[in-house]
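So the structure is just underneath, and the comments pick up after that.
The values are calculated or read from the model by the stated rules, or taken from the named source; none is laboratory data. The shown structure was predicted, so the numbers you read here are calculated from the model rather than taken from an experiment. Cβ placement follows ideal geometry from the backbone for every residue including glycine, while neighbour counts extend to all protein chains displayed. Each accessible area value is taken on the protein alone, full model and side chains, heavy atoms only, with ligands, DNA and RNA left out. Shrake-Rupley method; radii C 1.70, N 1.55, O 1.52, S 1.80 Å.
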Amino acid sequence: MRLFSSRADRRRGIAAAIGVAVLAVGLYVLVSRYAGFLTDATALRAWLDGFGIFAPLVFIALQALQVIVAPIPGQVVAVVAGYLFGSFWGTVYSLTGVLIGSAIAFSLSKRFGRSFVENVLHEDVVARFDGFVETVGIPGLFAFVVVPGLPDDAICFLSGLTKWSLPTFIAVIAVGRLPAYVLAVYAGGEIASGRFLSAIALLALIVVASAVGYYKQDAVRDLVERFEPRLPF
């Protein structure tokens, strides 16, 4: 993939940067007002209860937002989903929000191109994973998103620069992200039920897997690149 250099691309990049700045200001206002909910699940439940039948929609919107702006890991929000809505509906709402957020990130990159992505993502992430996303193919993408702790939200933006279609991308994201989110939501449900030992065990598993994935990002990338061409599909 090559850098865009036309005036139209530069104008889109400037427009995208302004849009991201506005979004960042909005996020700052939201976090300033509601950040306590991230550490006080009872307060978050009470706040969501105020929306009545619209509470699931509000939560889905929050989960989608964390994919786009990535202030906190999605698994943290998934734990809250399990606490608030139970294992089944917590998984449904959490994964729905993740898929919506992933689709938005992918579609924004498709629409505005490389200039937008380079304004949104840190240059180090672009440098390390840009070529990876282009070359690994769908099986490689699945292998990458299934491991917790990797920059999967950034991959959503970078994937929009490829020739992949949105339905194919969303199918891979849905299957790849499901295991970690199921565990996180179930842990939240265990906390709500008072089964703290099992919840701690699940959370410890997620934390360890995420830590390994985070600190071994380059090793995982190299491993996927090495084995993906050998796959029969």
Original post:
Looking at this structure, is residue 69 under 22 Å from residue 156 (Cα atoms), in contact with a Lys or Arg (Cβ under 7 Å, 6 or more places away or on another chain) and modelled with pLDDT of 60 or more?
Top reply: no
**OP:** Test residue 74 against the stated conditions and say whether it is modelled with pLDDT under 80, of a type in the set (Gly, Ala, Ser) and crowded, with 18+ Cβ neighbours inside 10 Å.
**Re:** yes
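This table checks each residue for (1) open to solvent by 40 Å² or more (accessible area, probe 1.4 Å); (2) in contact (Cβ under 8 Å) with a residue 12 or more places away in the chain; (3) assigned to a loop (DSSP other than H, G, I, E, B).
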{"site": "114", "(1), (2), (3)": "no, yes, no"}
{"site": "124", "(1), (2), (3)": "yes, no, no"}
{"site": "154", "(1), (2), (3)": "no, yes, no"}
{"site": "161", "(1), (2), (3)": "no, yes, yes"}
{"site": "170", "(1), (2), (3)": "no, yes, no"}
{"site": "174", "(1), (2), (3)": "no, yes, no"}
{"site": "180", "(1), (2), (3)": "no, yes, no"}
{"site": "198", "(1), (2), (3)": "yes, no, no"}
{"site": "207", "(1), (2), (3)": "yes, no, no"}
Original post:
Tell me, which residue of the range 182-196 that is surrounded by 22 or more Cβ atoms within 10 Å (Cβ to Cβ) and of a type in the set (Gly, Ala, Ser) is farthest from the chain's Cα centre (by Cα)?
Top reply: 189
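Scan the range 92-111 and give yes if some residue there is at pLDDT below 85, in contact with a helix residue (DSSP H, G or I) (Cβ under 8 Å, 6 or more places away or on another chain) and in a helix (DSSP H, G or I), otherwise no.
no
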